[in-house]
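Since the structure comes first, as structure tokens, the remarks are kept for the end.
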Amino acid sequence: MSKTRALQLAELGVPGAAVGAASGAVVGLLAAAVGHPIGWAAVGALTLGVPLALLGAGYGAIAATGWFRPGVFAPVAIYWMLGFPLSRLLHETVTPALLGGSFAPPGDVLTFLVFQALVSMGYAIGFIWLHERIAPHWLMRIQDHNPAAQALFAVYVKQASAMWEARESKRARRSSTGRDRPRAAASSSGVALARSRRSS
């Protein structure tokens, strides 16, 4: 891979890196809010935010290859089912060491990883929701000098157009059905009125 291509892919990873770093910052704020020392919360935010930011950047770079597509959740879920537990393991293990203690992995690593894999489903949903709201704006901004961004932005535009057309088609069917109902009701009323007249 050329240096130019590598820089283009790295630029695509900025939205995902921002989401990952923000996730670490939120964890640090929550830790401080529940009473942990500020130093512990800050280091914890760093040890979780850095790996999540790197994985988020990786997501953006992989999306440029077509492996991840807007609106498709399954590949994202698998990606974070692998990446999120490892990030949490690093967070749990390294944080005490950076605070002057020793490396302290969880007692039952396998159970810890399985539980974090379950938690990763929620994280994947939040990640993709945020990423798909940030990424198109970023891609539109950098597409003039980044061909990879231009190609990925075209994918987002295509998906947005398909969603808009599906929504408009559904709305048209709904409004058409709504117009037909009064006619059907009026027709039924007319038939009933005619029958009552004949019977009388």
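The values are calculated or read from the model by the stated rules, or taken from the named source; none is laboratory data. Fair warning: this is a prediction, and the values are worked out from it, not measured in the lab. Cβ atoms come from the backbone with ideal geometry, glycine included; neighbour counts cover every protein chain shown. Areas reflect the complete protein model, heavy atoms only, side chains present, ligands, DNA and RNA absent. Shrake-Rupley method; radii C 1.70, N 1.55, O 1.52, S 1.80 Å.
So, A77, is that one open to solvent by less than 50 Å² (accessible area, probe 1.4 Å), at negative phi and in a helix (DSSP H, G or I) or not? Spell out how you get there, then give the answer.
Values: open to solvent by less than 50 Å² (accessible area, probe 1.4 Å): yes; at negative phi: yes; in a helix (DSSP H, G or I): yes.
Yes; evaluated as a whole, the condition is true for this residue.
Being touching a residue at least 12 places away in the same chain (Cβ under 8 Å), farther than 24 Å from P37 by Cβ and among the hydroxyl-bearing types (S, T, Y) is the filter here; which residues of region 95-133 pass it? Matches in region 95-133: S120, Y123. Only one of the numbered conditions (1) open to solvent by less than 20 Å² (accessible area, probe 1.4 Å); (2) of a type in the set (F, W, Y); (3) part of a loop (DSSP other than H, G, I, E, B) is violated by W67, and that is (1). Scan region 28-45 residue by residue and report those that are free of Cβ contacts under 8 Å to residues at least 24 places away in the same chain and either surrounded by 19 or more Cβ atoms within 10 Å (Cβ to Cβ) or not in a helix (DSSP H, G or I) (or both). Within region 28-45, G28, A31, V34, G35, H36, P37, A41, A45 meet the criteria.
Quick grid of which residues meet (1) among the hydrophobic types (A, V, I, L, M, F, W, C); (2) loosely packed, with under 14 Cβ neighbours inside 10 Å:
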residue	(1), (2)
R88	no, no
L98	yes, no
T111	no, yes
F127	yes, no
H131	no, no
A135	yes, no
L152	yes, no
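Restricting to region 145-177, give me the number of residues that are closer than 17 Å to Q8 by Cβ, free of Cβ contacts under 8 Å to residues at least 24 places away in the same chain and either assigned to a helix (DSSP H, G or I) or in contact with a helix residue (DSSP H, G or I) (Cβ under 8 Å, 6 or more places away or on another chain) (or both). Spell out the reasoning first.
The initial filter retains those residues of region 145-177 that are closer than 17 Å to Q8 by Cβ, namely 145-156.
In the following step, the residues that additionally are free of Cβ contacts under 8 Å to residues at least 24 places away in the same chain were identified as 145, 150, 153-154.
Filter once more, so that each one left must be either assigned to a helix (DSSP H, G or I) or in contact with a helix residue (DSSP H, G or I) (Cβ under 8 Å, 6 or more places away or on another chain) (or both): 150, 153-154.
Going through region 145-177 one residue at a time, the tally reaches 3.
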